[in-house]
Amino acid sequence: MPETKYEYYAALAERTARQLTETLDNWTTFLDTTARLYKYPYHEQLMIYAQRPDATACADYDTWSKTMRRYIRRGTKGIALIDNDSDAPKLKYVYDLADTGTRQNSRPVNLWQMEQEHMDSVFYTLDQNYGVTDISLHNVFEEIAANLADEFWDNHRRDIISIVDDSFLEEYTDDTIGVRFREAVTVSTAYTLMVRCGMENPFTHEDFLPVFEFNTPDTIAALGTAVSEISEQILRDIEITIKIYEKERTQEHEERTDLHEGGRIRISEPDLTESSAADLGQVREDAPGISAEPPSDPVQPADSVGEAALTSDRDRGNSEPETGTDDGRDGESKRNDGRNEVGEPDAVGTDDEQSEITGGRSDPDRTDLQLNEPIPFSRGNQLSLFDLIPSEAKHIESIDKAESELKTPFAFSFSQEEIDTVLRFGSNTDDHRKRIVAEFMKQKSLDENADFLKQMYHGGNGFIIENRNICAWYADVGIHLVQGRAAKY
């Protein structure tokens, strides 16, 4: 019996996890990916690494399309993430920045970078939040990572000790396991922070030796979860500090310019961009924008993927189509540790790297065939089911239409109830709703789904809805929907 897509990606996750700590290059390459996508939880970072290790900023379809006003390139293959938060495990998809195209009104994706001019502000923030005793940023990162690794171990000691069977940690005493865990977390977290801040790696192979003793999916998941959560907490603080610095510098420049040119200082208008943007870098959308407290105990019984089951506040949606089209979704899910944040659409998740897509971690992403808002149609115009699965041009056109908000006069428009009635009851195919649901559950390509819908809807139909005659004719080019008693012509 052929495996399902979920089974395929679950096996990919377990296989990739086992390979992470086989070599230093595998582990540091994984950390390079997590450094860019630090707002995603470990198990989603693992999936992105397995499929697109070079990803820079990921978000779901809606974040890219609606928040960032960018389109997903035709033929793009989405990055599958495993969602175990619902009753039935399923897949959801996100797309990397490189998978998107821009239009005239697209929002810029600004990934923050650590510069020398930011140092004083960053040092001040780290000192205020964590207390630091060194003046070298390399040493400061190690110091903070070590302190937070101790804290993580204290909070999850029993859970970690309970999952060391069959790993190289199995023969150690509890105290030695704690030492190895804190050492592995400290060096891995410090490395991640330095990579994201553009600093050179000062560590040697010997520094990473404790990492290689975590060689089972469960122990690797415990290690990866600790590194992911600690890195995210610190990098969010740095991100916010840099954004505030850049915002204040821009305002000062504008005030000086206004004073020089006009003789008076202009009152700056409130900047809504950051607060409304989502975090793309890790399109952990809040997906489409959801934020949740990280679980108090991230190390839980291993799931079918072989990693510790973790709670994620990112995208919790239904599975999405794998290929980019108007039905795709963008994903970022991100985690929220309760700290104040600046909005985040940099790369798609916020000004930082996820267009709030994401802050917390995501919105429901669904491939349901439905119209969420009434769509006006003039007499003789057509409603095409197949336009719900658009090309790049159609995707761009739909974004433009949404922005224009032009409305057709009410006398020639159709209500949501009328449109839904036609779609639900007027296909002329027996049990068409059950058949459509069953077909879509097979997760076939968008083109295959479009061909199937053309077979389901054929002929013509008439309805009386609230004393109004509505006629529909299912043509090759779509559905003709008009008022009256004839629709074919």
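The values are calculated or read from the model by the stated rules, or taken from the named source; none is laboratory data. Because the structure is predicted, anything quoted here is derived from the model rather than measured. Cβ coordinates were reconstructed from backbone atoms using ideal geometry, including for glycine residues, and neighbour counts include every protein chain displayed. Protein only, heavy atoms only, side chains kept; ligands, DNA and RNA dropped before computing areas. Shrake-Rupley method; radii C 1.70, N 1.55, O 1.52, S 1.80 Å.
Where a ≥ b ≥ c are the square roots of the eigenvalues of the C-alpha gyration tensor, would you call segment 64-128 rounded, which needs a/c under 1.5, or, failing that, prolate if a/b is larger than b/c, or oblate? Because a/c hits 1.5 or more and a/b fails to exceed b/c, segment 64-128 counts as oblate.
For segment 42-88 and segment 218-241, what is the separation of their C-alpha centers, rounded to whole Å? The two parts, judged by their Cα centres, are 19 Å apart. In this structure, the pairs whose alpha-carbon distance is over 24 Å, taken from Lys39/Lys243; Lys39/Lys247; Lys39/Lys66; Lys92/Lys243; Lys39/Lys92, are Lys92/Lys243. Heavy-atom surface analysis with a 1.4 Å probe gives segment 123-236 a carbon and sulfur content of 44 percent of its accessible area.
Relative intensity of segment 151-196 on a log10 scale, I(q)/I(0) at q = 0.25, 0.27, 0.31 Å⁻¹, equals -0.90, -0.98, -1.13, per a Debye sum over C-alpha point scatterers of equal strength in the absence of solvent. Per-residue packing, averaged as other Cβ atoms within 10 Å, sorts the ranges 156-166, 178-188, 61-71 into the order 61-71, 178-188, 156-166, beginning with the highest.
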